[in-house]
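Here's the structure we're looking at; comments come further down.
The values are calculated or read from the model by the stated rules, or taken from the named source; none is laboratory data. The model shown is predicted, which means the values in this text are computed figures rather than measured ones. Cβ placement follows ideal geometry from the backbone for every residue including glycine, while neighbour counts extend to all protein chains displayed. Side chains are part of the model used for accessible areas, which takes the heavy atoms of the whole protein and leaves out ligands, DNA and RNA. Shrake-Rupley method; radii C 1.70, N 1.55, O 1.52, S 1.80 Å.
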Amino acid sequence: MDKEKLYSFFYILPIILVTLLLFIFPVIYSLYISFTNMGLLHFFHYSYVGLRNYIIIFKYGYFLQLLENTIIWTVGSLVTMMGLGFALALILNQSDLKGRSIFYAILILPWAFPGFISLLIWQGLWVDPYGMMNKLILPMLHLPTINSLTSTTDAWVELILTNDWLSFPYFMVVFYSALQSIPRELYDIAELDGANIFARFMRITLPSLKKTIAFVFITSFVFTWNNFYPIYVLTGGGPGISTETFIVYAYQEAFSYSNFSLAAAWSVISSIFVIVLAIIVIKYTRILDTYF
Amino acid sequence: MSYYVKLEDIWKEYEMKGKKTLVLKGLNLNVEKGEFVVILGPSGEGKTTTLKIIAGLLRQDKGHVYLRGELVDDVPPKDRRVAMVPQNYAIYPFMSVYDNIAFPLKVQHVPKEEIRKKVKEVAEMLKIDNLLDRKPSQLSGGQMQRVAIARALVKGADIILMDEPLSNLDAQVRVLAREELKQLQRNLKPTILYVTHDQIEALSLASKLAIIHDGVIQAFGDPMEIYKNPNSVWVGKFLGNPPMNIIEGKVDNGFIEVEGSKITIPEVYKGIVKDGEKVLIGVRPEDLYISDSGAIEGKVEMVENLGPYSIIHVNVGNTTVRVFEKSMIKRERGDNVKISIDPSKIILFDATTEKNLLLEVAKKSL
Amino acid sequence: MKGLSLKYKLFKILRLGISYIVLIIMAIFSVFPLYYVFMTSFSNAPNLISLGVSDLFPKHIYFIAYKELLTTNLYGGSFPLWVRNSLILAGSTAVISVLLALITGYALSRLDIPAKKTLATFIYIVTFFPYTATAVPLYLLFAKMHLLNYMGLILAYTPGTSIFAAFIAKLSIDSIPPSYEEIAMIDGLSRFQAFLRIIMRLALPVVALTALLGFDGAYLDFALAYSFLLPNVKQWTATIGLYYLAGLLNPASAPAYNIFAAGSVLMGIPLMILFIVSQRMMTRAYSNLAGVKQ
């Protein structure tokens, strides 16, 4: 019996080691570094500075600003992406729509094309005034141009629009397959009962999708909260720090300014947020209950 | 003497979803070489667990397993030289039939030529030599079962474990497969331990029947002997459909009093039962007759017409007695009938231990 | 009755009309950036300023960008070299991810492990920390451990994919009857051999999915590769190369923009095709996680 348990332990050991090495250890290590003055000047010979890094973060208002930015980024992206994906899934789910597989194939392309490369492409598209968006597309549609270097609002519009482009297909695909799994008979019966299209949507479609919507919302919330690349590539957190989120700011503090101890402090704060989010996800979705 | 397969005081506890259940509670089983042992029992009573412990796939918490007279507790499955036919056959879907049968030999690095020869041999024996290059998805249930048996036979293991191998087959195919399996065992003489919950299968296949319940073997021996002379009320009720009738009675001066009527005590029980003792009478439905000369009075409660015969449920006192009737007399619910018992066919059980009184005495005198 | 059916017909036309308009707009929106970069890669425009409407509908196709991308020395390295580096990294990550994910999935599904759910919860939380989120602590730690190299990168890429894939693998292995590996064990394999030869084979879709996710994750990572490898141009991965080609690393030394476009096409299209091929598999996996029964 004990031998068997020990044997099973060997199968699970690698993942435990990897988890400890790549998650627990770094977080503890960065907690330690966050109480020092480690930086470019003191990379090997750093010293204990107490709460100095945390005092900087909280005293000068950075924390609230970054929290606000992270929330704008997460909620702004999520609401538009989910709305778009849901609307398209509903459109594609109409049984009398022709050419649905062609549209489906085209609409998932943004998801299929590697995201980081897409961002580099979008970065070029948004450059003001030479990028195609500002030179051609927006004037053609009689819309004002976007300048993310000077206007915070423009920067957010650019970020969220680009993020929508990157992610709406995921939501479309998940919602579409959820819609497809609703039994046709439910609608037939409702139609016999005289329910109009709006009533059918409210009474059948939405309740059937409740679980999927909740799951997708919660997990995507965490994903977007952590999503690093769009901001890093497109605005770099600018103008100023007006579009910086926690993880982008931490990354830049470390690798652009070599402010390692401050970056570590930001990582610690960001990790606390993520752990709280993770616990909420696990509690709410009960995702692990489906496994065990 | 040493037994070919011996289970000694096997205990096994399972934990499912945080709930612990003790499945085997000191199970003992001794199987001689060349025997066809069928382990029969209700679902979830540890039949498959027992097989897996013999194969070494599960480790018992307590007790010992001996194969061919040797202790094998620490021998891994691959070195126990047993073969197995699981319930779902577990034919690898990504291999051809040939590769499936050859698999045990390939794993042991048997030379290619020899593998080909042996696979051909067993395939011919099981009449599946024309299926060898098919994929499992192209096979019928009966063919799958043959492939599974071929794979079990090919490596020449003389102990074969079978876990309900016929339960996935259609009723008609099953009868044929049962007969073939019996022939196969007669010709090759392997020791087979066969698990099933199907009584008919058990009675027709077994050279020795083992009835498992409550974590131990309740009865072990010749199947018809167990049927005729069950060692406990539970075994009597479990084996046979409809089950054995159990009627309460009281010994009174050479007779057993049942519901106001008297039954002669069978010869063999005389001297075993004492006056005034309460006993349980076990009698098979086919040993009861409805006739006007019957001693026990009752009222028909239900009639099951099954074609060639009927099962009449008769209310006697506060118990229901089932009677086989071959005659075509029409009976209705509420009819008053009389039942006669052939005293030589009854079994007496102790009213408290529910054990067969005769067998208990025999055990003591041993 | 006639009025009703006319109203119904009008409504249907309106409904489908709006649907098609939305779909066409979204289709253009979806394709435009990809079309644009594809066309740019076949133009001779050296920078964004010189790119014009005419380049979107070209009269001439130029291959100069591809020629320069594949043959010239860029910033001390070269694009083929960076792609080779990326392939090595991504290939190794894929292999290790598959092993780790399947072994973990197997253990979670089959083996008797104390506190299985607690353990699963614990490793699940890790998936909330993509390596972009832990880049700083990882960098600091790996710098001390002399792991700012490919080995460190592979080590860092593996767990996220593996844990996610391990959960999918667990579900998949749950659906494989244990008798398959039990028979193999009776027939002469050890448990681990049975896992490698039988379970891995039966769970092939999950193996492929994991390999793909692992490969993609490593091949497309920028954040960690950039922080680990930046100083050594010869060790750059293709994503760092593209970042440089896009003019974001050092705008002054960046080569012509159409070279970046060519690089994007060469890197992006194969992965896009791979993604589409495996899309059914992906959808099933994601939907399963979202609790949608297929």
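Values for this structure:
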quantity: Matching residues, the stretch B:76-122, being hydroxyl-bearing (Ser, Thr, Tyr) and within 9 Å of chain C (Cβ to nearest Cβ); calculated: B:89, B:92
quantity: Of residues in the stretch C:1-51 being among the aliphatic types (A, V, I, L, M), surrounded by fewer than 15 Cβ atoms within 10 Å (Cβ to Cβ) and not in a helix (DSSP H, G or I), the one nearest to the other protein chains (Cβ to nearest Cβ); calculated: C:49
quantity: Helices (runs of 4 or more DSSP H) lying entirely in the stretch A:13-108 (those with 3 or more residues that are over 25 Å from the mean Cα position of the chain (by Cα) and on the phi < 0 side of the Ramachandran plot); calculated: A:25-33, A:52-59, A:100-107
quantity: The lone exception for residue B:304 - which of (1) in contact (Cβ under 8 Å) with a residue 12 or more places away in the chain; (2) in contact with a strand residue (DSSP E or B) (Cβ under 8 Å, 6 or more places away or on another chain) it fails; calculated: (1)
quantity: Sole residue being free of Cβ contacts under 8 Å to residues at least 24 places away in the same chain and open to solvent by less than 60 Å² (accessible area, probe 1.4 Å), chosen from B:172, B:143; calculated: B:143
quantity: Check on residue A:92, facing chain C (nearest Cβ under 9 Å), within 24 Å of residue A:181 (Cβ to Cβ) and open to solvent by less than 10 Å² (accessible area, probe 1.4 Å); calculated: yes
quantity: So residue B:12, is it more than 22 Å from the chain's Cα centre (by Cα) and in a strand (DSSP E or B); calculated: no
quantity: Filter pass, residue C:125 being without any contact (Cβ under 8 Å) to a residue 60 or more places away in the chain, out of contact with any Lys or Arg (no Cβ under 9 Å at 6 or more places or on another chain), open to solvent by 10 Å² or more (accessible area, probe 1.4 Å) and assigned by TED's automatic domain parsing to the domain that holds residue C:235; calculated: yes
quantity: Number of positions in the stretch A:215-224 that are more than 9 Å from chain C (Cβ to nearest Cβ) and not β-branched (Val, Ile, Thr); calculated: 3
quantity: Helices (runs of 4 or more DSSP H) contained in the stretch B:123-242 and holding at least 2 residues over 30 Å from residue B:363 (Cβ atoms); calculated: B:141-154, B:171-188
quantity: Restricting the stretch B:327-347 to residues that are touching a helix residue (DSSP H, G or I) at 6+ places or on another chain (Cβ under 9 Å) and part of a loop (DSSP other than H, G, I, E, B), the residue that is least open to solvent (accessible area, probe 1.4 Å); calculated: B:346
quantity: Test: residue in the stretch A:264-275 that is within 7 Å of chain C (Cβ to nearest Cβ) and free of Cβ contacts under 8 Å to residues at least 24 places away in the same chain; calculated: yes
quantity: Count of the stretch A:109-147 residues which are open to solvent by 40 Å² or more (accessible area, probe 1.4 Å) and at pLDDT 90 or above; calculated: 1
quantity: Pairs where the first residue, in the stretch C:172-188, is on the phi < 0 side of the Ramachandran plot and open to solvent by 10 Å² or more (accessible area, probe 1.4 Å) and the second is assigned to a helix (DSSP H, G or I) and β-branched (Val, Ile, Thr), C-beta under 9 Å, 6+ apart; calculated: C:172/C:206; C:176/C:198; C:176/C:199; C:180/C:198; C:180/C:199
quantity: Selection within the stretch C:218-235 - within 11 Å of another protein chain (Cβ to nearest Cβ) and in contact (Cβ under 8 Å) with a residue 40 or more places away in the chain; calculated: C:219, C:220, C:221, C:223, C:224, C:225, C:227, C:228
quantity: Residue among B:44, B:18, B:56, B:69 that alone is modelled with pLDDT under 90, of a type outside the set (Asp, Glu) and either over 21 Å from the mean Cα position of the chain (by Cα) or under 25 Å from residue C:193 (Cβ atoms) (or both); calculated: B:18
quantity: Residues within the stretch B:86-100 that are modelled with pLDDT under 95, crowded, with 21+ Cβ neighbours inside 10 Å and of a type in the set (A, V, I, L, M, F, W, C), tallied; calculated: 2
quantity: Filtered residue count, the stretch B:267-319, keeping only those that are closer than 26 Å to residue B:231 by Cα, assigned to a loop (DSSP other than H, G, I, E, B) and not aliphatic (A, V, I, L, M); calculated: 9
quantity: Members of the stretch B:47-80 that are outside any helix (DSSP H, G or I), out of contact with any helix residue (DSSP H, G or I) (no Cβ under 9 Å at 6 or more places or on another chain) and surrounded by 16 or more Cβ atoms within 10 Å (Cβ to Cβ); calculated: B:66, B:68
quantity: Residue list for the stretch C:224-240, filter: outside any loop (DSSP other than H, G, I, E, B) and surrounded by fewer than 22 Cβ atoms within 10 Å (Cβ to Cβ); calculated: C:226, C:227, C:229, C:233, C:234, C:235
quantity: Leading residue by the ranking (most open to solvent (accessible area, probe 1.4 Å)) among those in the stretch A:1-50 that are small (Gly, Ala, Ser) and free of Cβ contacts under 8 Å to residues at least 24 places away in the same chain; calculated: A:47
quantity: Filter result for the condition that a residue is part of a helix (DSSP H, G or I), under 22 Å from residue C:92 (Cβ atoms) and touching a Leu at 6+ places or on another chain (Cβ under 6 Å), over C:218, C:262; calculated: C:218
quantity: Subset of the stretch A:161-208 [outside any helix (DSSP H, G or I) and away from chain C (no Cβ under 13 Å)]; calculated: A:193, A:195
quantity: Residue count for the stretch A:178-233, restricted to those that are of a type in the set (Ser, Thr, Tyr) and under 15 Å from the mean Cα position of the chain (by Cα); calculated: 5
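Okay, residues lined up against (1) small (Gly, Ala, Ser); (2) closer than 16 Å to residue A:18 by Cα; (3) more than 7 Å from chain A (Cβ to nearest Cβ); (4) crowded, with 20+ Cβ neighbours inside 10 Å:
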position: C:73; (1), (2), (3), (4): no, no, yes, no
position: C:82; (1), (2), (3), (4): no, no, yes, yes
position: C:86; (1), (2), (3), (4): yes, no, yes, yes
position: C:99; (1), (2), (3), (4): no, yes, yes, no
position: C:113; (1), (2), (3), (4): no, no, no, no
position: C:129; (1), (2), (3), (4): no, yes, no, yes
position: C:143; (1), (2), (3), (4): yes, no, yes, no
position: C:149; (1), (2), (3), (4): no, no, yes, no
